[in-house]
Amino acid sequence: MTNVMLDYYQLKYLPALTVYELPEEQAKYTALPANMLYSSETKSPIVILANEEVVGFFVLHTGEIVKNYTDISTAILLTSFSIDFRKQRMGFAHHGLLALNDFVKKHHSEITDVVLSVNLKNMPARRLYEQVGFLDTGKRMEGVMGEQLVLRKRIV
């Protein structure tokens, strides 16, 4: 497996993110990276890199929005997770999510949990999240595309 790592979005990653591809059946469940690049005090765009090439993307959120998903005050929210269509089925999603543990410990040492929501109908994403240690919290939310399950993973 190639070297997979996470990094905060930087301008040098913009060219790869503007040509990022997602098929329609995946794009309906997530946001395209080009639409999620702005940062704020509570929102951090993250790129997944393989041998220094952008292969994936997600956003980490802190602050009030996290309370919609969990009562855990030391949790961080993961949204907009995707892998560029041209780089799918190569293990990058799995390894990118596994790298999340060390990334969060390094950059957000106060965080104990990562939470996310996944559409009930999005079985490939559910399986992926469960394979890397996310567990169903039992909480449900209504999303644009229907019912969402809230999943949680402890940072260890």
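The values are calculated or read from the model by the stated rules, or taken from the named source; none is laboratory data. Keep in mind the model is a prediction, meaning the values are calculated, not measured. Note: ideal-geometry Cβ built from the backbone for every residue, glycine included; neighbour counts use all protein chains shown.
Quick notes on this structure:
- Top-ranked residue of the stretch 105-134 - restricted to ones that are assigned to a helix (DSSP H, G or I) and among the hydrophobic types (A, V, I, L, M, F, W, C), ranked as farthest from D7 (Cα to Cα): M123
- You will find that of I46, I76, the residue that is crowded, with 19+ Cβ neighbours inside 10 Å, touching a residue at least 40 places away in the same chain (Cβ under 8 Å) and part of a strand (DSSP E or B) is I46 and no other.
- Any hit, the stretch 8-26, residues being touching a helix residue (DSSP H, G or I) at 6+ places or on another chain (Cβ under 7 Å) and modelled with pLDDT of 90 or more: no
- Residue count for the stretch 83-99 under the criterion of being in contact with a Gly (Cβ under 6 Å, 6 or more places away or on another chain) and modelled with pLDDT under 90: the result is 1.
- Residues of the stretch 100-156 classified as over 14 Å from the mean Cα position of the chain (by Cα), of a type in the set (S, T, Y) and either modelled with pLDDT of 95 or more or within 21 Å of I48 (Cβ to Cβ) (or both), total: 2
- Taking the numbered list (1) in contact with a Ser or Thr (Cβ under 9 Å, 6 or more places away or on another chain); (2) within 16 Å of Y129 (Cβ to Cβ); (3) assigned to a helix (DSSP H, G or I); (4) at pLDDT 85 or above in turn, V66 passes all entries but (2).
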